[in-house]
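To keep things clear, I will list the structure first and then write my remarks on it.
The values are calculated or read from the model by the stated rules, or taken from the named source; none is laboratory data. This is a predicted model, so every value here is computed, not measured. Please note: Cβ atoms are built from the backbone with ideal geometry, for glycine as well, and neighbour counts cover all protein chains shown. Just the protein is used for accessible areas: all its heavy atoms, side chains included, with ligands, DNA and RNA removed. Shrake-Rupley method; radii C 1.70, N 1.55, O 1.52, S 1.80 Å.
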Amino acid sequence: MSEILAKAQCPYCGVGCGLEIFKDKKGRVKIRGDKSHPATKGDLCLKPIPLPKVMDIGRVPFPLYRENKKDQFKQISWEEAFEIIAKKLKENLPDENYFYISGQLTTEDSYVINKFVKGFVRTNNIDANSRLCMASAVMGYKLSFGSDGPPGSYEDIDDADAFIFAGSNAAWTHPVLFKRVLNRKKEYPEAKIVVIDPVFTATAEKADIWIDIKPGTDTVLFNSVLYLLNKKGWIDYQFINKYTEGFSEAIKEAKRYPPEVAAKICDIKEHLIYKLAEIYAFSKKVISFWTMGFNQSSNGTMKNLSLINVHLATGRINEKGCPFSLTGQPNAMGGREVGYLVNGLPGYRDVRNEEDRKFMEKFWNIPEGSIKDKPGITAVEVMDKIINGEIKLFWIVCTNPAVTMPNLNKFWKALRNIFVVVQDAYLTDSVDYANLVLPASQWGEKEGVMTGSDRTITYNKPFRDPPEQCKHDWEIFCEIAKKMGWGEAFSYKSTREIFDEYKKTTAGRLCDISNWNYEDLPKQWGGKWLYKDKKFPTPSGKAKFNPAVYSGPSDKVEYPYSIILTTGRTKKQWHTMTRTGKALELLRDESEPYIMLNETDAFELGIFDNDYIKVRSVRGQIYIKAKVGKIKRGVAFSPFGYGKIYHFPTNILVSDAVDPVSKEPELKFSSIYIKAKKKRIYRLSDEVYQKVKNTFPEVKNFLDDAIEKGYTSLALEGVEAIKGDFLEDLTQKIKELMDIFINNPTDWERAALLNEEIAGIYIKLKIQPHHQQILTRSFKESMEDIFDLSEDILQAWEYTHEFLAHGIFELVKKHYESIALRKSDDSI
């Protein structure tokens, strides 16, 4: 008989699986699913199982300090550590301090820290790593429904007949939830699973439809779906009229993207848009799940709005469906409930709302005006403020931004120039940049609550004592508050006292848990459907359509930075591998980072599986193993979580552009350059050459027409300057080059000169290397239109055009490389 030590929520992804921690017959601490947990009913994935074995590996041994980052750390006492921090806080102006916390903290931890910062330090410069994953989803919900919070529940899966996974590889990142979807599919085989992702993920393998969308273009896709729904009259007018507002403005924007336009922008087959529209129109119940592929974008808020607009247009709320944002961390939901982002206050309040500020000032018994009315600086934007000397203290709690932030070279530069406090259970990569390191307790060693993606709150009972050098995160802030003279407001003796204070702030709010106690948990706030009566916390009481305006990513896809890098997670590792990376069973097949390339792209670059290659963006370069896999052409994928011990974190390459509304960074779209490892050698067989030579007299009179017609195709690609003299000049030069190749192949000197002249025109017109394929394809189509040639002869002419174009574009590539890479060297 096993001895149950505790019940808790899993400390990894946001599904919120209930766990049972127990001792087996041999006295070993183990983990299994809690069958009594209402959200997940005993199911769990691989990741938490080895957790008890690795909890003590790599812990912070005691408080560590160095005034100068070039010096070695020395051990200090907790009292000395508190004095150092208190002194810094007293010396600095409120807004010269910055606090960066985590969705892995308990709700009680986050509440105390938020109270400390916004109410007593009197700065709103506190943000969380949710900024990197959930901020766009939060804004999508707020703008559409008036509040944060997913409107549905996991229960909705059990009677749905259509599941859309947009930018979500749930089979790896939220496996327990995805297993529930598969169970529904098994029970009801007619149910449809659609995956929208440039990578053929493990989720896509199980899907009925895979939409291999171009990264960054989801807003266009869902606008096009809305366009079709409206055009065909497949919308729920009764729901729209009774429960929503703003429909006409959203439709006006959607009309810009009929399927033929959207398919080109998204680089997908047009019929997929029609199919997706049919699913939203005619399914009984549709659940749309999305995660970072949607959120981590400079167009992330609009992506969220475009999807929610489709749900509103078809009335797919409650019994008919749910737009369901999946959370990436175990308590990002709880952190949002206590307001741990730059604009938040407890109970889904906002610093910009005077009534909210006054309520919290009275509740915390602080003078009116203590809480500032403007949001603080967001986590990505603070980099420039640090580099400019406007921020003097950067306090990191329970997260590892030295691996997860975008544009890491810039972020590392910022950290080198500021006093950094790292408060963590483990010696993470961020410790390399710290002046002061504080050893904290972790999950399993402290009590507190967490909220999963479906709004279920779980009480986490500790099953072991923390190492004696560690303090709880909330306790550390309470001790410093005493040093600052705020002890009365932070005199908590237990997490229950904190919970009892926090829950009062939720009274009458959407996330009301004011009558709950630890003994009531696990329990879901808001019920199965958050908006059961379809009344929304907006001024009108109605949900709101918003025009979803598409804007392209910040990075331009131009040679040599002509491959799009997107990032994500692996199956068995989580975030920066602080715990999962220490479990050998979870490291199998995932022991080092990689970059996945499309098979054709890899072939053209001369790259094979397990080659080590250099990958570069304008922000830096890394050296990494290549894998060849099923992924959209022109797109590469790399997991972000492998830290500096693996030499080159992927986020060195990644863009730090942010969404203008949510301020979430563009982690899913960065233009990269991969230098060819082995040059592709182009040769034409004698058979092809003879076919072209023999038919040349037949085509020579209209060959220039075929060439000219081929060039006009580039106008559709945005190269609109090919007309007049340029068009005539290019046509004649290409025709002459073909003539030399076929009839006078020894005239290398003239051929080389023509290559240079044509390449020069291409460069002047900003024609890109990827246009080579378009030109060759268009040339073949033109030959087919103008001449009555057999398929094998047409193919021979196509091969010849490709062969000659290759030499020209090699010169074009060399020019673009020399310019762009020189610029990049200067900026890195």
**Request:** Select from region 147-249 those GluC sites (Glu not before Pro) which occupy a DSSP coil region and have at most 11 other Cβ atoms within 10 Å, ordered by residue number.
**Result:** E190
**Message:** Just to confirm the number: angle between the C-alpha axis of helix 175-187 and the first principal axis of the chain, 0 to 90 degrees, nearest 10?
**Reply:** 70
**Request:** Tell me which residues come under 5 Å, amide H to amide H, from S288 once H is placed; ignore anything under 5 positions away on its chain.
**Result:** I164, C322, F324
**Asked** What number, in percent, do you get for the relative contact order of the chain if the mean sequence gap of Cα pairs under 8 Å and at least 6 apart is divided by its residue count?
**Response** 16
**Complete:** Toy charge model, Lys and Arg Cβ at +1, Asp and Glu Cβ at -1: region 544-690 dipole around Cα centroid in debye, rounded to 20, equals 340
**Asked** Hey, with R₀ at 25 Å, roughly what FRET efficiency would E817 and Y612 work out to, going by the Cβ-Cβ distance, to 0.05?
**Response** 0.75
**Additional length obtainable on full extension of the chain from N409 to S591, 0.36 nm per residue less Cα span** = 63.1 nm
**Request:** For D236, list long-range residues whose amide hydrogen, built 1.01 Å from N in the peptide plane, is under 5 Å from its own amide hydrogen.
**Result:** T314, G315
**Prompt:** Taking the Cβ-Cβ separation of E698 and K275 as r and a Förster radius of 41 Å, what is the calculated FRET efficiency to the nearest 0.05?
**Reply:** 0.40
**Message:** Out of the GluC sites (Glu not before Pro) in region 403-506, which ones are loop residues according to DSSP with at most 16 other C-beta atoms within 10 Å?
**Reply:** E468
**Fill in**
Free-by-geometry Cys in the chain, Cβ-Cβ under 4.7 Å as pairing rule, reported as C13, C45, C133, C266, C322, C398, C470, C478, C511
**Whole-Hz couplings from phi, Karplus 6.51/-1.76/1.60, listed for region 153-167; x for Gly and Pro** = 9, 4, 3, 4, 4, 6, 10, 7, 10, 8, 10, 9, 10, 9, x
**Message:** Given a 1.4 angstrom probe, what's the average accessible area per residue across region 12-153, in square angstrom?
**Reply:** 35
**Asked** Helix 135-145: angle to the longest alpha-carbon principal axis of the chain, degrees 0 to 90, nearest 10?
**Response** 80
**Prompt:** Across region 408-424, in residue order, what do the Karplus-derived ³J(HN,Hα) couplings come to in whole Hz, using 6.51 cos²θ - 1.76 cosθ + 1.60 with θ = phi - 60° and x for Gly and Pro?
**Reply:** 4, 4, 5, 5, 4, 4, 4, 5, 5, 10, 8, 6, 10, 10, 10, 10, 7
**Request:** Give the angle, between 0 and 90 degrees and rounded to the nearest 10, that separates the Cα long axis of helix 495-504 from the longest principal axis of the Cα atoms of the chain.
**Result:** 70
**Prompt:** When DSSP assigns beta bridges and you keep just the ones with both residues in the chain, what percent turn out antiparallel, to the nearest 5?
**Reply:** 45
**Prompt:** Straight-line reach from K571: which aspartates and glutamates have a Cα under 16 Å away, not including same-chain ones fewer than 8 places off?
**Reply:** E205, E585, D589, E590, E592
**Request:** Just name one of Y340, F82, I377: the one whose Cα is farthest towards the positive end of the charge dipole of the chain (beta-carbon charges, Lys/Arg +1, Asp/Glu -1).
**Result:** F82
**Prompt:** Using alpha-carbon positions, what is the distance between the centroids of region 170-220 and region 564-600, in Å?
**Reply:** 20
**Request:** Tally up the carbon and sulfur contribution to the accessible surface of the chain as a whole percent, 1.4 Å probe, everything protein left in place.
**Result:** 50
**Prompt:** Of the trypsin sites (Lys or Arg not before Pro) in region 55-123, which ones lie in a loop per DSSP and count no more than 13 other C-beta atoms within 10 Å?
**Reply:** K70
**Fill in**
Rounded to the nearest 5, the percent of antiparallel DSSP beta bridges in region 355-466 equals 30
**Request:** Mind jotting down the distance between the C-alpha centroids of region 721-763 and region 488-516, whole Å?
**Result:** 76
**Request:** Whole Å is fine, so just give me how far the alpha carbon centre of region 623-679 lies from that of region 318-337.
**Result:** 27
**Prompt:** For region 407-475, what proportion of DSSP beta bridges, expressed in % and rounded to the nearest 5, is antiparallel?
**Reply:** 40
**Request:** Taking amide H positions as placed in the peptide plane 1.01 Å from N, state which residues far from V628 in sequence (5 or more) or on other chains have amide H under 5 Å from it.
**Result:** L597, D609, N610
**Complete:** Karplus-derived 3J(HN,Hα) from phi for region 684-693 (6.51 cos²θ - 1.76 cosθ + 1.60, θ = phi - 60°), whole Hz, x at Gly and Pro, runs 10, 6, 4, 4, 5, 4, 5, 4, 5, 4
